[in-house]
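The values are calculated or read from the model by the stated rules, or taken from the named source; none is laboratory data. Note that the coordinates shown come from a computational prediction; the quantities given were computed from them, not determined experimentally. Please note: Cβ atoms are built from the backbone with ideal geometry, for glycine as well, and neighbour counts cover all protein chains shown.
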Amino acid sequence: MAITDQSYLNWQKELSSRKWYRRFWVFCGIYSVALIFLLGLYLLYLGETKVVILAFLAFVLGRGIISALIFFSHKKVRPYQKLNFNTFHSWFFSPKTKHYSSFPSDHAISMSAISTVFAVYHPYFIIPAIVICAINGWARIILGYHYILDIFAGWALGILSALAVVYWLSPMLFTSH
């Protein structure tokens, strides 16, 4: 199935006309990132400080460094900017912007980086992490924030950031000499 400009416009009609459809996709696309942070708080409560620190470092590497470098050198218009429609946004989790910063998806990077670290240390989290990341990615497309390549690139960069932190940085930070 190809995602066309008409697909984005059709989704906007559905979002405007169906309240529960809109609430579901807005939650999944904007606020589901809070589920990952709540899991981090739960892991802190369990004493898993190292895992939470590594997840935060993977988040910083992926979203704060790699994504910022890509945005600096590569400007890509978002679907809502290209097609000139107002999408749903949150001032904190997903602000509306005039900047061309569609590629890669920061939400996809953030969620996959944090989720990958959690899954490395707690393998039972792999399936829920995949489901949450997939629903969030699809929602970001439906809301008109991203193209599918933006989401896939975000997932890949987030996973690579997490693996770099877990297998390269973690031994330097958490091994005793």
Can TYR8 be described as in contact with a helix residue (DSSP H, G or I) (Cβ under 6 Å, 6 or more places away or on another chain), among the aromatic types (Phe, Trp, Tyr) and in contact (Cβ under 8 Å) with a residue 60 or more places away in the chain?
-> yes
Could you say whether any residue in the stretch 61-75 is of a type in the set (D, E, K, R) and at pLDDT below 90?
-> yes
Please determine, by comparing only the residues of the stretch 157-177 that are among the β-branched types (Val, Ile, Thr) and modelled with pLDDT of 95 or more, which one is surrounded by the most Cβ atoms within 10 Å (Cβ to Cβ).
-> VAL165
The stretch 76-100 - residue that is crowded, with 21+ Cβ neighbours inside 10 Å and in a loop (DSSP other than H, G, I, E, B) and, of those, modelled with the lowest pLDDT | THR87
Do we find that PHE118 is at pLDDT 95 or above and surrounded by 15 or more Cβ atoms within 10 Å (Cβ to Cβ) in this structure?
-> yes
If ILE126 satisfies every condition in (1) closer than 18 Å to GLY62 by Cα; (2) surrounded by fewer than 24 Cβ atoms within 10 Å (Cβ to Cβ) but one, which is the exception?
-> (1)
Go through (1) buried (at least 21 other Cβ atoms within 10 Å of the Cβ); (2) β-branched (Val, Ile, Thr); (3) at pLDDT below 95 and name the single condition ILE109 misses.
-> (3)
